[in-house]
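Here the structure is laid out as structure tokens; the discussion comes afterwards.
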Amino acid sequence: MRLLVTGGAGFIGSNFIRYWLKRYPNDKIINLDKLTYAGHLSSTKDFSSNKNYKFVRGDICNARVVGEVMSGVDMVVNFAAESHVDRSIVSPAVFIKTNVLGTQVLLDAALKNNVTRFHHVSTDEVFGSLSLDSNEKFSEETPYNPRSPYSASKAASDFLVRAYFITYGLPVTITNSSNNFGPFQDPEKFIPRMITNLIDDKLIPIYGDGKNVRDWVYVLDHVKAIDAVLKRGKIGETYVVGGMTEDISNLEVAEKLLRIFGKTRKFIKFVKDRSGHDRKYSLDWRKIRKDLGWKPEHEFDVWLKKTVEWYKDNEWWWRPLKRRAEKLYDKTGQK
Ligand code: NAD
Ligand code: TDX
């Protein structure tokens, strides 16, 4: 089988390719990535010389390039996106271009080339925000209510993917996953930002009161969920993918990290809140468990510790990215 992976030099995409080449050694993968500030060839270093792997630098908004790489492809897995909420608040336009227009360009090419599957990687953020005292969980039935330019652009892309299924019969599937953590995540995101600051004995900036809740899934669990959907998922369906945490606040995550590092709460610094900051995400992933037999297997505390070890052992990877990541927060004042 021939797979086109977009955004494979990013966090989840590179973890997906690493997993897939090992799991399915006869499959061929083309990685189409623009190498924006978030794309790093260093994340693909260990598999870049695999004979079944090919990297093409290009933009998913460019119909010519997309047409070329789509030729002869069986399945598409679309990770390419602008993915950072804080950046979407500072510069929304590129989120609409890549996440909405780029997805539409890919869908058109997929249709022309009769791919057997177009899998779109999306987020739980399309469902909006829960209140802290609610027991509600997001599921495949939850109406969309995006609240940031990032989540609005991802919601628009999900709707386009469904429209191509309904209107043209393109064989699509979608996953809406919660917050991922693990190796190769850019140090501008929460967990790696905290870890890399603590390695350098710096304070860790917590937005607002730190009570915001996220559902955390280890990146390999997410990758395996996509594998399950590609192999056994039903065409036209959406699957919600969540992790093993239960209502854990940002402050609690920070405290766990402080314990791992043997540091005190003095390292916590409360900073200005994110504008429109979603309060809580919580997911009901019973559908993918029941229909496809997938469930998260990586326990949060254990894999948080292993993630810390990974960042300690791989300074070569994140150190060159750290200064640029912090520049964003010079702009937002969240330092
Ligand atoms: P990331 O920001 O680490 O990587 C994105 C990749 O896409 C980069 O390699 C970048 O160079 C590439 N890219 C960006 N614009 C492009 C363009 N126009 N053309 C080609 N390539 C382009 O993102 P991530 O965290 O790995 O997320 C991957 C996908 O998963 C995204 O669609 C995101 O919305 C979704 N998602 C992420 C999370 C999470 O917690 N990180 C959770 C749920 C869903
Ligand atoms: O320095 C920080 N301090 C802080 O308190 C940063 C960077 C974040 N936060 C908070 C904001 C959020 O409540 O931590 C939480 C997680 O923040 P991010 O890592 O920016 O993730 P989030 O905004 O939840 O979005 C992530 O999960 C869903 C991904 O970036 C998205 O791509 C994905 O769709």
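Based on DSSP, what percent of beta bridges with both residues in the chain are antiparallel, to the nearest 5? Of all bridge pairs located within the chain, approximately 10 percent are antiparallel.
Taking region 8-143 as the region of interest, the number of lysine pairs whose Cα atoms are within less than 23 Å, with members eight or more places apart or on different chains, is 15.
In region 116-256, if every C-alpha pair distance is counted and binned at 5 Å from zero, what percent goes to each bin? In order of increasing distance, the bins hold 2, 9, 16, 20, 20, 14, 9, 6, 3, 1, 0 percent.
Across all directions, the shadow cast by the convex hull of region 137-181 built on its C-alpha atoms averages 4.1 square nanometres. Working note: Cα atoms of region 195-335, range along each principal axis, descending, whole Å: 47, 35, 27.
Amide H contacts of Glu237 (H built 1.01 Å from N, in plane; Pro and chain starts excluded): Ile174 sit under 5 Å, all sequence-distant by 5 or more or on other chains.
Percent of C-alpha pairs per 5 Å bin in region 20-142, short distances first: 2, 9, 17, 19, 18, 15, 10, 6, 3, 1, 0.
Springs between Cα atoms under 10 Å define the GNM used for the chain, and in it the highest mean-square fluctuation of Met70, Met244, Met194 occurs at Met244. In order along region 94-108, the phi-based Karplus estimate (6.51 cos²θ - 1.76 cosθ + 1.60, θ = phi - 60°) of 3J(HN,Hα) comes to 5, 5, 5, 4, 5, 6, 9, 5, x, 4, 5, 4, 5, 4, 4 Hz; Gly and Pro are listed as x. Note on the chain: percent of Cα-Cα distances in each 20 Å bin, starting at 0 and stopping at the bin with the largest distance, equals 32, 61, 7.
In this structure, the amide hydrogen of Lys280, modeled 1.01 Å from its nitrogen in the peptide plane, lies closer than 5 angstrom to those of Leu130, Val213, counting only residues at least 5 positions away or on a different chain. Based on a Kirkwood Rh over C-alpha pairs, give the Stokes-Einstein translational diffusion coefficient of region 54-125 at 25 °C and viscosity 0.890 mPa s in µm²/s. D = 190 µm²/s. Working note: Cα atoms of region 206-248, range along each principal axis, descending, whole Å: 42, 21, 16.
Annotation: amide H-H contacts under 5 Å for Lys28 (H modelled 1.01 Å from N, sequence separation of 5 or more, or interchain): Arg2, Leu3.
Between Leu203 and Lys22, the FRET efficiency from the beta-carbon distance, with R0 = 30 Å, is close to 0.20. Across region 119-125, rounded Karplus estimates of 3J(HN,Hα) from the backbone phi angles (6.51 cos²θ - 1.76 cosθ + 1.60, θ = phi - 60°) give 9, 10, 8, 10, 10, 6, 5 Hz, Gly and Pro being marked x.
Every read-out reported here was derived from the displayed coordinates using simple, explicitly stated rules and does not represent laboratory data. Since this is a predicted model, take the numbers as computed values, not measurements. Every residue, glycine as well, gets a Cβ built from its backbone with ideal geometry; the counts of neighbours run over all protein chains shown.
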